[in-house]
Amino acid sequence: MTAHDKILIVDFGSQVTQLIARRVREEGVYCEIVPFQKAAQAFAEMKPRGVILSGGPASVTEDVSPRAPQEIFDAGVPVLGICYGEQAMAAQLGGSVEGGHHREFGRAEIEVVRDTALFAGVWQKGEKYPVWMSHGDRVTRLPEGFEVIGISNNAPFAAIADEKRKFYAVQFHPEVMHTPSGAALLRNFVRSISGAKGDWTMRAFKDEAIEKIRAQVGEGRVICGLSGGVDSAVAAVLIHEAIGEQLTCVFVDHGLLRLAEGQKVTALFRDHYNIPLVHVEAEKLFLDALQGVSDPERKRKIIGGQFIDVFEAEAKKIGGAEFLAQGTLYPDVIESVSFTGGPSVTIKSHHNVGGLPARMNMKLVEPLRELFKDEVRVLGRELGLPQAFVGRHPFPGPGLAIRVPGEITAEKLDILRLADDVFIEEIRRAGLYDDIWQAFAVLLPVKTVGVMGDGRTYDFVVGLRAVTSTDGMTADFYPFEMKFIGHVATRIINEVKGVNRVVYDVTSKPPGTIEWE
(Lines give C-alpha, C1' and ligand atoms only; values in the text may rest on other atoms or scores of the structure.)
Protein backbone atom coordinates (compact mmCIF):
# COMPACT_ATOMS: atom_id res chain seq x y z
CA MET A 1 0.00 0.00 0.00
CA THR A 2 3.03 2.30 0.04
CA ALA A 3 2.33 3.54 -3.49
CA HIS A 4 -1.10 4.91 -2.62
CA ASP A 5 -2.21 8.09 -0.88
CA LYS A 6 -3.71 7.25 2.50
CA ILE A 7 -6.20 8.63 5.00
CA LEU A 8 -5.87 7.81 8.70
CA ILE A 9 -9.09 7.44 10.71
CA VAL A 10 -8.60 7.82 14.45
CA ASP A 11 -11.24 5.76 16.24
CA PHE A 12 -12.72 7.13 19.46
CA GLY A 13 -15.18 4.24 19.75
CA SER A 14 -18.14 5.21 17.58
CA GLN A 15 -20.31 2.31 16.45
CA VAL A 16 -20.29 3.74 12.92
CA THR A 17 -16.58 4.44 12.49
CA GLN A 18 -16.41 1.70 9.87
CA LEU A 19 -18.84 3.71 7.76
CA ILE A 20 -16.30 6.53 7.54
CA ALA A 21 -13.77 4.11 6.12
CA ARG A 22 -16.28 2.76 3.65
CA ARG A 23 -17.07 6.25 2.37
CA VAL A 24 -13.36 6.99 1.93
CA ARG A 25 -12.78 3.69 0.13
CA GLU A 26 -15.69 4.47 -2.17
CA GLU A 27 -13.61 7.41 -3.41
CA GLY A 28 -10.83 5.03 -4.41
CA VAL A 29 -8.64 6.19 -1.51
CA TYR A 30 -7.00 3.72 0.85
CA CYS A 31 -7.60 4.30 4.56
CA GLU A 32 -7.11 2.57 7.88
CA ILE A 33 -8.94 2.78 11.21
CA VAL A 34 -6.68 2.91 14.28
CA PRO A 35 -7.68 3.20 17.97
CA PHE A 36 -6.74 6.58 19.40
CA GLN A 37 -4.16 4.93 21.69
CA LYS A 38 -2.20 3.72 18.64
CA ALA A 39 -2.80 6.73 16.42
CA ALA A 40 0.60 8.38 16.98
CA GLN A 41 2.50 5.32 15.77
CA ALA A 42 0.11 4.79 12.84
CA PHE A 43 0.39 8.45 11.83
CA ALA A 44 4.17 8.23 11.74
CA GLU A 45 4.17 4.99 9.75
CA MET A 46 1.36 5.80 7.29
CA LYS A 47 2.26 9.40 6.52
CA PRO A 48 -1.37 10.05 5.51
CA ARG A 49 -2.58 12.86 3.28
CA GLY A 50 -5.31 13.63 5.81
CA VAL A 51 -6.75 12.53 9.16
CA ILE A 52 -10.35 11.98 10.24
CA LEU A 53 -11.28 11.92 13.94
CA SER A 54 -14.31 9.72 14.56
CA GLY A 55 -17.22 10.05 16.95
CA GLY A 56 -17.31 8.23 20.25
CA PRO A 57 -19.28 7.58 23.45
CA ALA A 58 -17.03 9.50 25.87
CA SER A 59 -17.35 13.11 27.00
CA VAL A 60 -14.54 15.59 26.45
CA THR A 61 -15.61 17.24 29.70
CA GLU A 62 -14.46 14.22 31.75
CA ASP A 63 -11.06 14.37 33.44
CA VAL A 64 -9.81 11.34 31.52
CA SER A 65 -11.20 11.12 28.00
CA PRO A 66 -9.73 10.11 24.62
CA ARG A 67 -7.58 12.59 22.76
CA ALA A 68 -5.89 12.72 19.37
CA PRO A 69 -2.08 12.78 19.29
CA GLN A 70 -0.88 16.38 19.24
CA GLU A 71 1.55 15.60 16.41
CA ILE A 72 -1.43 15.21 14.07
CA PHE A 73 -2.36 18.87 14.59
CA ASP A 74 1.27 19.96 14.37
CA ALA A 75 2.10 18.13 11.14
CA GLY A 76 0.37 20.47 8.70
CA VAL A 77 -1.98 17.83 7.27
CA PRO A 78 -5.74 18.40 6.86
CA VAL A 79 -7.88 17.13 9.76
CA LEU A 80 -11.64 16.51 9.90
CA GLY A 81 -13.34 15.98 13.26
CA ILE A 82 -16.73 14.25 13.43
CA CYS A 83 -19.03 14.55 16.49
CA TYR A 84 -16.73 13.63 19.41
CA GLY A 85 -13.88 14.31 17.01
CA GLU A 86 -15.04 17.93 16.71
CA GLN A 87 -15.22 18.29 20.47
CA ALA A 88 -11.79 16.73 21.00
CA MET A 89 -10.29 18.98 18.33
CA ALA A 90 -11.84 22.09 19.87
CA ALA A 91 -10.75 21.19 23.39
CA GLN A 92 -7.20 20.28 22.38
CA LEU A 93 -6.68 23.43 20.33
CA GLY A 94 -7.85 25.87 23.02
CA GLY A 95 -11.64 25.98 22.69
CA SER A 96 -14.32 24.96 25.19
CA VAL A 97 -16.88 22.15 25.35
CA GLU A 98 -19.89 21.93 27.65
CA GLY A 99 -21.87 18.79 28.40
CA GLY A 100 -25.04 17.46 29.89
CA HIS A 101 -27.77 19.76 28.61
CA HIS A 102 -27.44 20.13 24.86
CA ARG A 103 -28.69 16.78 23.63
CA GLU A 104 -29.46 16.42 19.95
CA PHE A 105 -30.21 12.92 18.66
CA GLY A 106 -31.63 11.91 15.32
CA ARG A 107 -32.63 14.03 12.35
CA ALA A 108 -31.77 17.71 12.44
CA GLU A 109 -31.16 20.64 10.10
CA ILE A 110 -27.94 22.53 9.65
CA GLU A 111 -27.90 26.06 8.27
CA VAL A 112 -24.80 26.98 6.29
CA VAL A 113 -23.49 30.39 7.36
CA ARG A 114 -20.21 30.48 5.42
CA ASP A 115 -18.97 28.99 2.15
CA THR A 116 -15.96 26.71 2.63
CA ALA A 117 -13.89 24.11 0.80
CA LEU A 118 -15.69 21.41 2.80
CA PHE A 119 -19.09 22.49 1.44
CA ALA A 120 -17.93 23.41 -2.08
CA GLY A 121 -20.34 22.20 -4.75
CA VAL A 122 -22.54 20.53 -2.13
CA TRP A 123 -23.99 23.09 0.28
CA GLN A 124 -24.56 26.83 -0.19
CA LYS A 125 -24.51 29.68 2.27
CA GLY A 126 -27.95 30.61 3.60
CA GLU A 127 -29.52 27.20 2.90
CA LYS A 128 -30.57 24.46 5.34
CA TYR A 129 -29.80 20.77 4.91
CA PRO A 130 -30.82 17.54 6.72
CA VAL A 131 -28.18 15.84 8.87
CA TRP A 132 -27.98 13.14 11.54
CA MET A 133 -27.00 14.28 15.04
CA SER A 134 -25.98 12.15 18.00
CA HIS A 135 -24.48 14.21 20.81
CA GLY A 136 -25.03 15.34 24.37
CA ASP A 137 -22.09 17.79 24.58
CA ARG A 138 -21.38 20.74 22.33
CA VAL A 139 -18.60 23.20 21.52
CA THR A 140 -19.20 26.56 23.24
CA ARG A 141 -16.01 28.47 22.42
CA LEU A 142 -13.92 28.16 19.29
CA PRO A 143 -10.14 27.73 19.26
CA GLU A 144 -8.14 30.58 17.80
CA GLY A 145 -8.27 30.67 14.02
CA PHE A 146 -11.62 28.85 13.70
CA GLU A 147 -14.86 30.23 12.29
CA VAL A 148 -18.42 28.96 12.44
CA ILE A 149 -19.54 27.58 9.08
CA GLY A 150 -22.80 25.87 10.12
CA ILE A 151 -25.36 26.04 12.93
CA SER A 152 -28.28 23.93 14.17
CA ASN A 153 -30.98 24.45 16.81
CA ASN A 154 -28.93 22.93 19.64
CA ALA A 155 -25.42 23.42 18.26
CA PRO A 156 -24.31 26.99 17.53
CA PHE A 157 -21.01 25.50 16.35
CA ALA A 158 -22.46 22.60 14.36
CA ALA A 159 -19.67 22.98 11.78
CA ILE A 160 -16.43 24.88 12.19
CA ALA A 161 -13.30 25.47 10.14
CA ASP A 162 -9.79 26.87 10.24
CA GLU A 163 -9.23 27.00 6.49
CA LYS A 164 -5.67 28.29 6.81
CA ARG A 165 -4.61 25.09 8.56
CA LYS A 166 -7.22 22.96 6.70
CA PHE A 167 -8.87 21.91 9.97
CA TYR A 168 -12.60 21.17 9.73
CA ALA A 169 -15.06 19.73 12.22
CA VAL A 170 -18.77 18.88 12.24
CA GLN A 171 -21.08 17.95 15.08
CA PHE A 172 -23.22 15.72 12.83
CA HIS A 173 -22.36 12.38 11.20
CA PRO A 174 -21.68 12.73 7.45
CA GLU A 175 -20.86 9.02 7.15
CA VAL A 176 -24.42 7.74 7.75
CA MET A 177 -27.14 7.52 5.13
CA HIS A 178 -29.37 9.81 7.19
CA THR A 179 -27.09 12.71 6.18
CA PRO A 180 -27.92 12.68 2.45
CA SER A 181 -25.01 14.90 1.39
CA GLY A 182 -22.53 13.35 3.81
CA ALA A 183 -20.63 11.25 1.28
CA ALA A 184 -20.08 14.33 -0.90
CA LEU A 185 -18.71 16.28 2.08
CA LEU A 186 -16.29 13.46 2.86
CA ARG A 187 -15.31 13.38 -0.81
CA ASN A 188 -14.46 17.09 -0.60
CA PHE A 189 -12.26 16.50 2.42
CA VAL A 190 -10.51 13.41 1.06
CA ARG A 191 -10.02 14.36 -2.57
CA SER A 192 -10.03 18.18 -2.72
CA ILE A 193 -8.79 19.31 0.69
CA SER A 194 -6.38 16.43 1.39
CA GLY A 195 -5.47 15.98 -2.26
CA ALA A 196 -5.57 12.18 -2.13
CA LYS A 197 -5.54 10.44 -5.50
CA GLY A 198 -8.37 7.99 -6.13
CA ASP A 199 -6.05 5.29 -7.42
CA TRP A 200 -6.85 2.47 -5.01
CA THR A 201 -8.75 0.10 -7.33
CA MET A 202 -9.60 -3.55 -6.89
CA ARG A 203 -7.49 -4.48 -9.89
CA ALA A 204 -4.52 -2.77 -8.28
CA PHE A 205 -5.30 -4.50 -4.99
CA LYS A 206 -5.43 -7.89 -6.70
CA ASP A 207 -2.06 -7.44 -8.37
CA GLU A 208 -0.44 -6.18 -5.16
CA ALA A 209 -2.02 -8.96 -3.08
CA ILE A 210 -0.72 -11.64 -5.44
CA GLU A 211 2.81 -10.26 -5.15
CA LYS A 212 2.50 -10.11 -1.34
CA ILE A 213 1.31 -13.73 -1.17
CA ARG A 214 4.17 -14.93 -3.36
CA ALA A 215 6.69 -13.00 -1.27
CA GLN A 216 5.26 -14.35 2.01
CA VAL A 217 4.83 -17.97 0.99
CA GLY A 218 7.78 -18.50 -1.33
CA GLU A 219 7.97 -22.21 -2.13
CA GLY A 220 5.91 -23.17 0.93
CA ARG A 221 2.58 -24.97 1.01
CA VAL A 222 -0.69 -23.42 2.15
CA ILE A 223 -3.92 -24.95 3.42
CA CYS A 224 -7.13 -22.94 3.37
CA GLY A 225 -10.22 -23.71 5.41
CA LEU A 226 -13.32 -23.23 3.29
CA SER A 227 -16.56 -22.40 5.07
CA GLY A 228 -18.76 -22.33 1.98
CA GLY A 229 -19.04 -18.55 2.20
CA VAL A 230 -17.83 -15.78 -0.09
CA ASP A 231 -14.88 -14.60 2.02
CA SER A 232 -12.96 -17.86 2.25
CA ALA A 233 -13.79 -18.68 -1.39
CA VAL A 234 -12.39 -15.38 -2.67
CA ALA A 235 -9.31 -15.79 -0.47
CA ALA A 236 -8.75 -19.29 -1.85
CA VAL A 237 -9.09 -18.25 -5.50
CA LEU A 238 -6.77 -15.27 -4.97
CA ILE A 239 -4.14 -17.44 -3.30
CA HIS A 240 -4.46 -20.10 -6.01
CA GLU A 241 -3.85 -17.45 -8.65
CA ALA A 242 -0.70 -16.46 -6.77
CA ILE A 243 0.83 -19.87 -5.98
CA GLY A 244 -1.19 -22.48 -7.89
CA GLU A 245 -0.75 -26.08 -6.73
CA GLN A 246 0.99 -25.01 -3.54
CA LEU A 247 -2.53 -24.45 -2.15
CA THR A 248 -4.84 -27.16 -0.82
CA CYS A 249 -8.33 -26.31 0.39
CA VAL A 250 -10.07 -28.19 3.20
CA PHE A 251 -13.85 -27.96 3.27
CA VAL A 252 -15.23 -29.21 6.60
CA ASP A 253 -18.88 -30.01 5.92
CA HIS A 254 -20.34 -29.93 9.41
CA GLY A 255 -23.87 -30.73 8.28
CA LEU A 256 -25.12 -27.29 9.27
CA LEU A 257 -25.17 -25.87 5.74
CA ARG A 258 -28.00 -24.85 3.47
CA LEU A 259 -29.61 -27.22 0.99
CA ALA A 260 -27.05 -28.76 -1.41
CA GLU A 261 -24.37 -26.31 -0.18
CA GLY A 262 -21.64 -28.94 0.01
CA GLN A 263 -22.15 -30.04 -3.58
CA LYS A 264 -22.06 -26.44 -4.82
CA VAL A 265 -18.78 -25.67 -3.07
CA THR A 266 -17.01 -28.82 -4.27
CA ALA A 267 -18.27 -28.32 -7.83
CA LEU A 268 -17.02 -24.72 -7.90
CA PHE A 269 -13.53 -25.51 -6.67
CA ARG A 270 -12.90 -28.90 -8.24
CA ASP A 271 -14.67 -28.46 -11.56
CA HIS A 272 -14.55 -24.71 -12.27
CA TYR A 273 -11.16 -23.80 -10.79
CA ASN A 274 -9.47 -27.19 -10.50
CA ILE A 275 -8.17 -26.27 -7.04
CA PRO A 276 -7.06 -29.23 -4.87
CA LEU A 277 -9.89 -29.75 -2.39
CA VAL A 278 -10.42 -32.12 0.52
CA HIS A 279 -14.14 -32.47 1.32
CA VAL A 280 -14.63 -33.78 4.85
CA GLU A 281 -18.19 -34.96 5.52
CA ALA A 282 -18.47 -34.63 9.29
CA GLU A 283 -22.19 -34.14 9.95
CA LYS A 284 -22.53 -37.06 12.39
CA LEU A 285 -19.51 -35.94 14.38
CA PHE A 286 -20.90 -32.43 14.83
CA LEU A 287 -24.49 -33.51 15.56
CA ASP A 288 -23.31 -36.02 18.17
CA ALA A 289 -21.27 -33.30 19.88
CA LEU A 290 -24.27 -30.91 19.83
CA GLN A 291 -26.79 -33.43 21.14
CA GLY A 292 -28.82 -32.01 24.01
CA VAL A 293 -27.14 -28.56 23.86
CA SER A 294 -29.43 -25.51 23.79
CA ASP A 295 -27.24 -22.64 24.98
CA PRO A 296 -26.12 -20.62 21.90
CA GLU A 297 -22.64 -19.84 23.22
CA ARG A 298 -22.00 -23.50 24.05
CA LYS A 299 -23.10 -24.40 20.54
CA ARG A 300 -20.59 -21.99 19.04
CA LYS A 301 -17.75 -23.26 21.21
CA ILE A 302 -18.57 -26.88 20.43
CA ILE A 303 -18.73 -26.20 16.70
CA GLY A 304 -15.49 -24.21 16.85
CA GLY A 305 -13.70 -26.93 18.80
CA GLN A 306 -14.89 -29.70 16.50
CA PHE A 307 -13.99 -27.66 13.43
CA ILE A 308 -10.42 -27.15 14.61
CA ASP A 309 -10.03 -30.82 15.55
CA VAL A 310 -11.25 -31.99 12.14
CA PHE A 311 -9.27 -29.37 10.28
CA GLU A 312 -6.08 -30.15 12.20
CA ALA A 313 -6.46 -33.88 11.50
CA GLU A 314 -6.81 -33.20 7.77
CA ALA A 315 -3.85 -30.84 7.81
CA LYS A 316 -1.70 -33.59 9.27
CA LYS A 317 -2.82 -35.96 6.52
CA ILE A 318 -1.87 -33.41 3.88
CA GLY A 319 1.48 -32.80 5.56
CA GLY A 320 4.13 -30.23 4.86
CA ALA A 321 1.92 -27.13 5.02
CA GLU A 322 3.56 -24.15 6.71
CA PHE A 323 0.78 -21.63 6.16
CA LEU A 324 -2.91 -21.43 7.06
CA ALA A 325 -5.05 -19.17 4.88
CA GLN A 326 -8.33 -17.66 5.99
CA GLY A 327 -10.80 -15.04 4.81
CA THR A 328 -10.34 -12.49 7.58
CA LEU A 329 -11.85 -9.14 6.58
CA TYR A 330 -11.06 -5.60 7.74
CA PRO A 331 -14.08 -5.42 10.10
CA ASP A 332 -12.71 -8.56 11.79
CA VAL A 333 -9.37 -6.84 12.25
CA ILE A 334 -11.04 -3.75 13.70
CA GLU A 335 -13.24 -5.76 16.05
CA SER A 336 -10.27 -7.86 17.17
CA VAL A 337 -8.71 -4.72 18.65
CA SER A 338 -10.75 -3.65 21.66
CA PHE A 339 -11.31 -0.03 22.59
CA THR A 340 -8.35 -0.39 24.94
CA GLY A 341 -6.20 -1.63 22.08
CA GLY A 342 -5.83 -5.23 23.24
CA PRO A 343 -5.38 -7.94 20.62
CA SER A 344 -7.77 -10.84 20.22
CA VAL A 345 -6.56 -14.44 19.98
CA THR A 346 -9.76 -15.73 18.42
CA ILE A 347 -10.33 -16.35 14.74
CA LYS A 348 -13.67 -14.79 13.85
CA SER A 349 -16.50 -17.30 14.09
CA HIS A 350 -17.87 -16.78 10.61
CA HIS A 351 -14.58 -17.98 9.12
CA ASN A 352 -13.10 -20.95 10.96
CA VAL A 353 -15.49 -20.94 13.93
CA GLY A 354 -12.73 -21.35 16.44
CA GLY A 355 -9.30 -20.38 17.66
CA LEU A 356 -5.96 -21.16 16.05
CA PRO A 357 -4.23 -23.64 18.40
CA ALA A 358 -0.59 -22.86 19.08
CA ARG A 359 0.22 -26.55 18.56
CA MET A 360 -0.53 -26.20 14.85
CA ASN A 361 2.52 -23.95 14.55
CA MET A 362 1.41 -22.40 11.25
CA LYS A 363 1.77 -18.91 9.85
CA LEU A 364 -1.35 -17.05 8.77
CA VAL A 365 -2.02 -15.87 5.25
CA GLU A 366 -4.86 -13.32 5.30
CA PRO A 367 -4.99 -11.59 1.91
CA LEU A 368 -8.39 -9.96 2.51
CA ARG A 369 -7.68 -8.35 5.87
CA GLU A 370 -7.69 -4.85 4.34
CA LEU A 371 -11.12 -5.23 2.66
CA PHE A 372 -14.75 -4.69 3.59
CA LYS A 373 -17.39 -7.20 2.56
CA ASP A 374 -18.56 -5.30 -0.51
CA GLU A 375 -14.94 -4.90 -1.62
CA VAL A 376 -14.46 -8.67 -1.34
CA ARG A 377 -17.38 -9.13 -3.73
CA VAL A 378 -15.75 -6.72 -6.21
CA LEU A 379 -12.48 -8.65 -5.89
CA GLY A 380 -14.35 -11.91 -6.46
CA ARG A 381 -15.74 -10.55 -9.73
CA GLU A 382 -12.24 -9.34 -10.68
CA LEU A 383 -11.03 -12.92 -10.12
CA GLY A 384 -13.80 -14.33 -12.30
CA LEU A 385 -15.94 -15.95 -9.62
CA PRO A 386 -19.54 -16.49 -10.82
CA GLN A 387 -21.96 -13.71 -9.82
CA ALA A 388 -24.34 -16.32 -8.39
CA PHE A 389 -21.63 -17.17 -5.88
CA VAL A 390 -20.07 -13.74 -5.28
CA GLY A 391 -23.46 -12.09 -4.76
CA ARG A 392 -24.73 -14.60 -2.22
CA HIS A 393 -26.09 -13.40 1.09
CA PRO A 394 -23.74 -13.70 4.09
CA PHE A 395 -23.84 -17.05 5.90
CA PRO A 396 -22.47 -17.53 9.43
CA GLY A 397 -19.70 -20.03 10.13
CA PRO A 398 -21.76 -21.95 12.73
CA GLY A 399 -24.33 -22.24 9.96
CA LEU A 400 -27.87 -23.33 10.71
CA ALA A 401 -26.92 -23.99 14.33
CA ILE A 402 -27.72 -20.36 15.13
CA ARG A 403 -30.96 -20.55 13.14
CA VAL A 404 -32.29 -23.42 15.23
CA PRO A 405 -32.72 -21.93 18.70
CA GLY A 406 -32.73 -24.70 21.27
CA GLU A 407 -31.51 -28.26 20.78
CA ILE A 408 -30.30 -29.20 17.31
CA THR A 409 -31.39 -32.41 15.63
CA ALA A 410 -31.07 -33.81 12.12
CA GLU A 411 -34.86 -33.61 11.73
CA LYS A 412 -34.95 -29.92 12.63
CA LEU A 413 -32.10 -29.15 10.25
CA ASP A 414 -33.85 -30.93 7.39
CA ILE A 415 -37.05 -28.98 8.03
CA LEU A 416 -35.18 -25.68 8.18
CA ARG A 417 -33.16 -26.37 5.02
CA LEU A 418 -36.31 -26.98 2.99
CA ALA A 419 -38.13 -23.94 4.38
CA ASP A 420 -35.11 -21.72 3.80
CA ASP A 421 -34.76 -22.99 0.24
CA VAL A 422 -38.39 -22.13 -0.53
CA PHE A 423 -37.96 -18.62 0.89
CA ILE A 424 -34.78 -17.88 -1.09
CA GLU A 425 -36.22 -19.41 -4.26
CA GLU A 426 -39.25 -17.14 -4.11
CA ILE A 427 -37.08 -14.08 -3.41
CA ARG A 428 -35.04 -14.88 -6.51
CA ARG A 429 -38.16 -15.44 -8.62
CA ALA A 430 -39.47 -12.05 -7.54
CA GLY A 431 -36.17 -10.41 -8.58
CA LEU A 432 -35.53 -9.18 -5.05
CA TYR A 433 -32.42 -11.15 -4.07
CA ASP A 434 -29.89 -8.44 -4.89
CA ASP A 435 -31.99 -5.79 -3.12
CA ILE A 436 -31.71 -7.69 0.16
CA TRP A 437 -28.57 -7.88 2.27
CA GLN A 438 -29.52 -11.14 3.97
CA ALA A 439 -32.57 -13.37 4.03
CA PHE A 440 -33.09 -16.64 5.85
CA ALA A 441 -35.53 -18.87 7.68
CA VAL A 442 -35.38 -19.79 11.38
CA LEU A 443 -36.96 -22.83 13.03
CA LEU A 444 -38.43 -21.43 16.23
CA PRO A 445 -38.26 -23.55 19.42
CA VAL A 446 -42.06 -23.78 19.71
CA LYS A 447 -44.82 -25.92 18.29
CA THR A 448 -48.40 -24.83 17.67
CA VAL A 449 -51.69 -26.59 17.06
CA GLY A 450 -53.05 -26.13 13.58
CA VAL A 451 -55.65 -27.57 11.26
CA MET A 452 -54.65 -28.92 7.86
CA GLY A 453 -57.56 -30.29 5.84
CA ASP A 454 -59.67 -32.35 8.20
CA GLY A 455 -56.89 -33.07 10.69
CA ARG A 456 -55.18 -31.34 13.56
CA THR A 457 -51.43 -30.82 13.54
CA TYR A 458 -48.88 -30.04 16.20
CA ASP A 459 -45.85 -28.75 14.32
CA PHE A 460 -43.07 -26.17 14.27
CA VAL A 461 -43.24 -22.44 13.54
CA VAL A 462 -40.85 -21.04 10.92
CA GLY A 463 -39.70 -17.46 11.22
CA LEU A 464 -38.59 -15.53 8.13
CA ARG A 465 -36.13 -12.67 8.19
CA ALA A 466 -34.98 -10.40 5.36
CA VAL A 467 -33.02 -7.22 5.94
CA THR A 468 -31.60 -4.32 4.00
CA SER A 469 -28.20 -2.98 4.92
CA THR A 470 -25.29 -1.18 3.32
CA ASP A 471 -22.64 -2.61 5.59
CA GLY A 472 -24.02 -5.47 7.68
CA MET A 473 -23.63 -3.38 10.84
CA THR A 474 -27.18 -2.09 11.12
CA ALA A 475 -30.24 -3.51 9.40
CA ASP A 476 -33.86 -2.75 8.65
CA PHE A 477 -36.51 -5.29 7.66
CA TYR A 478 -37.31 -5.61 3.98
CA PRO A 479 -40.88 -4.33 3.29
CA PHE A 480 -42.30 -7.29 1.37
CA GLU A 481 -45.85 -7.02 0.13
CA MET A 482 -48.13 -9.20 2.25
CA LYS A 483 -49.17 -11.07 -0.86
CA PHE A 484 -45.59 -12.25 -1.25
CA ILE A 485 -45.30 -13.33 2.39
CA GLY A 486 -48.61 -15.14 2.10
CA HIS A 487 -47.42 -17.01 -0.98
CA VAL A 488 -44.15 -18.05 0.69
CA ALA A 489 -45.97 -19.15 3.84
CA THR A 490 -48.41 -21.25 1.83
CA ARG A 491 -45.59 -22.98 -0.04
CA ILE A 492 -43.65 -23.74 3.15
CA ILE A 493 -46.69 -25.15 4.96
CA ASN A 494 -47.69 -27.25 1.94
CA GLU A 495 -44.22 -28.49 1.00
CA VAL A 496 -42.30 -28.76 4.27
CA LYS A 497 -43.58 -31.50 6.51
CA GLY A 498 -43.37 -30.52 10.18
CA VAL A 499 -44.34 -26.83 9.77
CA ASN A 500 -47.84 -25.45 10.27
CA ARG A 501 -47.19 -21.74 10.80
CA VAL A 502 -44.95 -19.02 9.33
CA VAL A 503 -44.17 -15.58 10.76
CA TYR A 504 -42.20 -12.64 9.32
CA ASP A 505 -39.92 -10.51 11.53
CA VAL A 506 -40.47 -6.78 10.97
CA THR A 507 -38.06 -5.42 13.58
CA SER A 508 -35.01 -3.30 12.84
CA LYS A 509 -31.74 -4.35 14.36
CA PRO A 510 -28.82 -2.38 15.85
CA PRO A 511 -25.21 -3.34 15.10
CA GLY A 512 -24.29 -6.98 15.46
CA THR A 513 -27.79 -8.47 15.68
CA ILE A 514 -28.84 -9.27 12.14
CA GLU A 515 -29.04 -12.98 13.01
CA TRP A 516 -32.00 -14.16 15.04
CA GLU A 517 -30.26 -16.24 17.69
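So here's what we get for this one:
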{"quantity": "The chain: angle of helix 202-217 to the longest principal axis, Cα-based, in degrees nearest 10", "calculated": "70 degrees"}
{"quantity": "Residues with amide H under 5 Å from that of residue 225, placed H, sequence gap 5 or more", "calculated": "250, 325"}
{"quantity": "Local electrostatic count, residue 139, Cβ distance below 11 Å [Lys/Arg +1, Asp/Glu -1]", "calculated": "-1"}
{"quantity": "Kirkwood Rh in Å, taken over the range 237-283 so that all alpha-carbon pairs contribute", "calculated": "11.2 Å"}
{"quantity": "Cα pair count fraction exceeding 11 Å, expressed as % - the range 382-427", "calculated": "74 percent"}
{"quantity": "Residue-level accessible surface for residue 147, protein heavy atoms, 1.4 Å, Å²", "calculated": "80 Å²"}
{"quantity": "Cα gyration tensor shape for the range 273-339, rounded if a/c is under 1.5, else prolate or oblate", "calculated": "oblate"}
{"quantity": "The range 43-150: C-alpha gyration tensor shape, a/c 1.5 cut-off, then a/b vs b/c", "calculated": "oblate"}
{"quantity": "Surface accessible to a 1.4 Å probe, residue 452 within the full protein complex, Å²", "calculated": "80 Å²"}
{"quantity": "Accessible area (Å², 1.4 Å probe, nearest 10) - residue 249", "calculated": "0 Å²"}
{"quantity": "Translational D in µm²/s for the range 361-437 (Stokes-Einstein at 10 °C, 1.306 mPa s, Kirkwood Rh from C-alpha pairs)", "calculated": "104 µm²/s"}
{"quantity": "Computed [θ] at 222 nm, helices only, for the chain once each DSSP H run of length n ≥ 4 contributes -39500 (n - 2.57)", "calculated": "-9000 deg cm²/dmol"}
{"quantity": "Estimated dipole of the range 130-232 in Debye, rounded to 20 [Cβ of Lys and Arg +1, of Asp and Glu -1, Cα centre]", "calculated": "140 debye"}
{"quantity": "Cα point-scatterer Debye curve for the range 110-149, base-10 log of I(q)/I(0) at q = 0.26 Å⁻¹", "calculated": "-1.04"}
{"quantity": "Pairs from 125/164; 212/373; 47/363; 206/317 whose Cα-Cα separation, in the structure shown, is over 22 Å", "calculated": "47/363; 206/317"}
{"quantity": "In order through the range 138-155: 3J(HN,Hα) via Karplus (6.51 cos²θ - 1.76 cosθ + 1.60), integer Hz, x for Gly, Pro", "calculated": "7, 6, 10, 9, 7, x, 4, x, 8, 10, 6, 10, x, 10, 9, 4, 10, 9"}
{"quantity": "Sequence-separation-based contact order of the chain, relative, with Cα cut under 8 Å and 6+ spacing, percent", "calculated": "10 percent"}
{"quantity": "About the Cα centre, charge dipole magnitude for the chain (Lys/Arg +1, Asp/Glu -1 at Cβ), debye", "calculated": "220 debye"}
{"quantity": "Of all accessible heavy-atom area on the chain, the percent that carbon and sulfur account for (1.4 Å)", "calculated": "50 percent"}
{"quantity": "Where 245, 211, 407 fall by accessible area, highest first, once all protein chains stay in place (1.4 Å)", "calculated": "245, 211, 407"}
{"quantity": "Listed residue (430, 305, 389) projecting farthest to the positive dipole end of the chain, Cβ model", "calculated": "430"}
{"quantity": "Ordering of 399-406, 262-269 by packing [mean C-beta count within 10 Å, highest first]", "calculated": "399-406, 262-269"}
{"quantity": "Unit Cα scatterers, Debye sum, the range 110-187: log10 I(q)/I(0) for q = 0.15, 0.24, 0.26 Å⁻¹", "calculated": "-0.46, -1.24, -1.44"}
{"quantity": "J(HN,Hα) series, the range 263-272, from Karplus relation 6.51 cos²θ - 1.76 cosθ + 1.60, nearest Hz, glycine and proline x", "calculated": "5, 5, 5, 5, 5, 4, 7, 7, 8, 7"}
{"quantity": "Average Cα contact separation per residue, the range 106-241, under 8 Å, 6 or more apart, as relative contact order %", "calculated": "19 percent"}
{"quantity": "Whole-number D in µm² s⁻¹ for the range 1-99, Kirkwood Cα-pair radius fed into Stokes-Einstein, 20 °C, 1.002 mPa s", "calculated": "158 µm²/s"}
{"quantity": "Part-to-part distance (alpha-carbon centres) for the range 286-333 and the range 401-437, which is given in Å", "calculated": "23 Å"}
{"quantity": "Viscosity 0.890 mPa s, 25 °C: Kirkwood-radius Stokes-Einstein D of the range 412-510 over Cα pairs, µm²/s", "calculated": "175 µm²/s"}
{"quantity": "Surrounding net charge for residue 161, when Lys and Arg each add one and Asp and Glu each subtract one, Cβ distance under 12 Å", "calculated": "-1"}
{"quantity": "The range 77-93 - phi-based ³J(HN,Hα) in whole Hz, Karplus 6.51/-1.76/1.60, Gly and Pro as x", "calculated": "9, x, 9, 10, x, 10, 6, 4, x, 5, 5, 5, 4, 4, 5, 6, 9"}
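The values are calculated or read from the model by the stated rules, or taken from the named source; none is laboratory data. This structure is a prediction, so every number in the text was calculated from the model and none was measured. Cβ sites come from the backbone with ideal geometry, for glycine too, and all protein chains shown count toward neighbours. Surface areas here come from the heavy atoms of the whole protein model, side chains and all, with no ligands, DNA or RNA. Shrake-Rupley method; radii C 1.70, N 1.55, O 1.52, S 1.80 Å.
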